[in-house]
Amino acid sequence: QVQLVESGGGLVQAGGSLRLSCAASGNAFNINRMGWYRQAPGKQREMVAVIASGGTTNYLDSVKGRFTIERDIAKNTVYLQMNNLKPGDTAVYYCYGWSPASDYWGQGTQVTVSS
């Protein structure tokens, strides 16, 4: 069983920064991809950023140039550095992990950006 635990959310003013962290524990050795999704009230969950074990990244168009995803494979941890945050980034952010056997989700962390 794999557990994903997020931290780092909070309230920030527009233009500010936050750094999210997600640590994977349990049988996390076979997780190939890790990343972040978000869900705002009344909207569908959307992919924000994903990173594969080889380092390939993929970003939501609206966060390119502002968000950076990084992964420490040795620590089974993924980070999301969010700069120049906008009110439209307000959402619950979920950590995501994918392995050939299954995919996994964290409990979510709230990010609120005030204008």
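The values are calculated or read from the model by the stated rules, or taken from the named source; none is laboratory data. Here the structure is a predicted model, which means the values were calculated and not measured. Virtual Cβ from ideal backbone geometry, glycine too; neighbours counted across all protein chains shown. Accessible surface is based on the protein model in full, side chains and every heavy atom, while ligands, DNA and RNA are left aside. Shrake-Rupley method; radii C 1.70, N 1.55, O 1.52, S 1.80 Å.
Using a Förster distance of 35 Å, how high is the FRET efficiency between Gln81 and Asn27, based on the Cβ-Cβ distance and rounded to 0.05? FRET efficiency, Gln81 to Asn27: 0.80.
Dividing the mean sequence gap of close Cα pairs (under 8 Å, 6+ apart) by how many residues the chain holds gives a relative contact order of 37 percent. Whenever you get a sec, compute what percent of the accessible area on the range 7-100 sits on carbon and sulfur atoms (1.4 Å probe). Reported share for carbon and sulfur atoms: 48 percent.
So if I place +1 on the C-beta of Lys and Arg and -1 on the C-beta of Asp and Glu, and nothing else carries charge, what would the dipole magnitude of the range 17-115 be about its Cα centre? I want it in debye, nearest 20. Mind showing how you got there, number by number?
Details: 10 positive and 6 negative charges, 28 e Å.
Magnitude of the dipole: close to 140 debye.
Taking only protein heavy atoms into account and a 1.4 Å probe, give the accessible area per residue of the range 27-115 in Å². Display every interim value, and only then the final one.
Details: 4580 Å² over 89 residues.
Accessible area per residue, the range 27-115: 51 Å².
Which percent, to the nearest 5, of DSSP beta bridges fully inside the chain are antiparallel?
Details: 40 of 44 bridges.
Bridges in the chain that DSSP calls antiparallel: roughly 90 percent.
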